[in-house]
Amino acid sequence: MNADGITSLMGRAIDFVFVDDRRATSMGILFGGVVLFFVKLFAPALQQQTIVDFTAVPLYLYPVVGVFGFNAPRFFRGEALPRTAETRLKVVRAELRAKRLTPDEAHALYKTVLEEELANLLAERQVNPSRPRKPRGPRETAATA
Amino acid sequence: MSTERPARRSFYIWFGFSSLVVVAVYLVIRFLSPWTHQTGLVLTIVVSSITAASVAPTMRRLLERLLRFVTHGLTVALEAFRDRRRARRKIEDNHVAREMMDGWGRTQSLGAETDEGSLLSDSEAALLRHGRQRHARERLAVGVMTREFEKSLTTSSVALFLALLIVGGYAAWSRERGMMIAAVITGGFFLLAVGRQAILAWRTRRGYFGSSEHEVRELLAFAMRHPTPDDFFDDNGHLLPAFDLRPEQVSATAAIGQPSPGAI
């Protein structure tokens, strides 16, 4: 395995650890740390009430909860590529798995797919400048009604 | 000359590497030595800063310049104390002083149209040339994403570092087990973020970016949710080429004005 493959794999692994969204995950960890800090700071006041017990939660769970909270919107929204791009990527992956393509050919194909799909996508967005994933159904019906 | 590594990217690599060195040296000293905690800490700082300074080319060059500056200043001051005229001649003769005083001022004020060969030293000319190459690389579709990516990675590094400070500081003070685990997790994430930055910079520089499905998906998703799609077009309304142009394609492309035909 050459340096290309190794760095690709490492980058993918790190992205996996960061749940594919580095900014949200880091902010979640920072949020967990800050909440942890305030829980420790206001420990006397929190011990007065008997509704919730913050000491029962293991401390390392605070960053985890922060990561979940900051990444949850993306899970519900989903992240769908254009259907043509999905199909082409699927075809290239299947051909690569079936060993009908060498890795070098697959890399070049991926680059071609990326270039053409990027051109299509941006041309479409240029013609229709609205944000593609904006939920705008209810507002439109309200305006028409 | 052209193999000289750009300062900013090598900084990421240097930063990640030296933080690893710091951790390793600290662990070795802490667990394998009979010294006390404070001595170990001081030794760690000294050893790791020396290592970092010798590893990083930018730091090494800076240190050398600083040393030369200090020694030269001392010499000049001593000479001036003895003989003013001799000292002035020494300043004029000194190559280092001339390079530093003239070259630095010129590099900062110089436009791109100046004849570098006659005015600048080799390293400064290389720096200028590198800056121009980097500008050209940023006029790529990948470059738009890479810039955003680096920005988000910087944000995440800063956020993680702040979290590490809060959690680690509290852990060092309270010595709670859970707090220490949280601090270690945060530190691990910080190192990973720095490493991701280094990997991305390396892959983009070598032209490897975009050759795997993960990166294709990432760039396409980025282009879909990027708020200003105009960033992907140049001033004339043409779509930016996705990748670096091959040298033989540059002239043809410049004449016709089309994006590159593709990597195959």
Taking residue A:67, is it surrounded by 15 or more Cβ atoms within 10 Å (Cβ to Cβ), under 30 Å from residue A:36 (Cα atoms) and among the β-branched types (Val, Ile, Thr)? yes
Taking the stretch A:59-82 and keeping residues more than 12 Å from chain B (Cβ to nearest Cβ) and not aliphatic (A, V, I, L, M) leaves A:68, A:69, A:71, A:73, A:75, A:76
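Restricting to the stretch B:186-207, give me the number of residues that are under 19 Å from the mean Cα position of the chain (by Cα), at the interface with chain A (Cβ under 8 Å from one of its Cβ atoms) and not basic (Lys, Arg).
First, pick out the residues of the stretch B:186-207 that are under 19 Å from the mean Cα position of the chain (by Cα): B:190-207.
Of the ones still in play, those that are also at the interface with chain A (Cβ under 8 Å from one of its Cβ atoms) are B:192-193, B:195-196, B:199-200, B:202-203, B:206.
Next, only the ones that are not basic (Lys, Arg) stay: B:192-193, B:195, B:199-200, B:202.
Number of matching residues: 6.
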Anything in the stretch A:96-116 that is more than 10 Å from chain B (Cβ to nearest Cβ) and either among the aromatic types (Phe, Trp, Tyr) or surrounded by fewer than 14 Cβ atoms within 10 Å (Cβ to Cβ) (or both)? List them, or say none. A:97, A:98, A:99, A:100, A:102
Hey, residue B:183 at pLDDT 80 or above and more than 8 Å from chain A (Cβ to nearest Cβ) or not: yes
Selection count, the stretch B:196-217, where residues are in contact (Cβ under 8 Å) with a residue 60 or more places away in the chain and surrounded by 20 or more Cβ atoms within 10 Å (Cβ to Cβ): 6
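Looking at the stretch A:21-36, can you tell me whether even one residue there is of a type outside the set (A, V, I, L, M, F, W, C), more than 8 Å from chain B (Cβ to nearest Cβ) and closer than 18 Å to residue B:188 by Cα? So that I can check it myself, show each step before the final result.
We begin by selecting, within the stretch A:21-36, every residue of a type outside the set (A, V, I, L, M, F, W, C); these are A:21-23, A:25-26, A:28, A:32-33.
Among the residues that remain, those that are also more than 8 Å from chain B (Cβ to nearest Cβ) are: A:21, A:28.
Right, trim to closer than 18 Å to residue B:188 by Cα and you get A:21, A:28.
Yes, the conditions are met somewhere in the stretch A:21-36.
Applying the selection to the stretch A:71-95, what residues are of a type in the set (Val, Ile, Thr) and exposed (fewer than 14 other Cβ atoms within 10 Å of the Cβ)? Break it down stepwise before answering.
At the first step, the residues of the stretch A:71-95 found to be of a type in the set (Val, Ile, Thr) are A:84, A:87, A:91-92.
Those that are of a type in the set (Val, Ile, Thr) and exposed (fewer than 14 other Cβ atoms within 10 Å of the Cβ): A:84, A:87, A:91.
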Is it fair to say residue A:51 is exposed (fewer than 15 other Cβ atoms within 10 Å of the Cβ) and either at pLDDT 85 or above or among the charged types (D, E, K, R) (or both)? no
Across the stretch B:156-165, what is the total count of residues that are buried (at least 19 other Cβ atoms within 10 Å of the Cβ) and at the interface with chain A (Cβ under 7 Å from one of its Cβ atoms)? 4
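The values are calculated or read from the model by the stated rules, or taken from the named source; none is laboratory data. Predicted, not measured: the structure shown is a model, and the values here were computed from it. We place every Cβ from the backbone using ideal geometry, glycine too, and count neighbours over all the protein chains shown.
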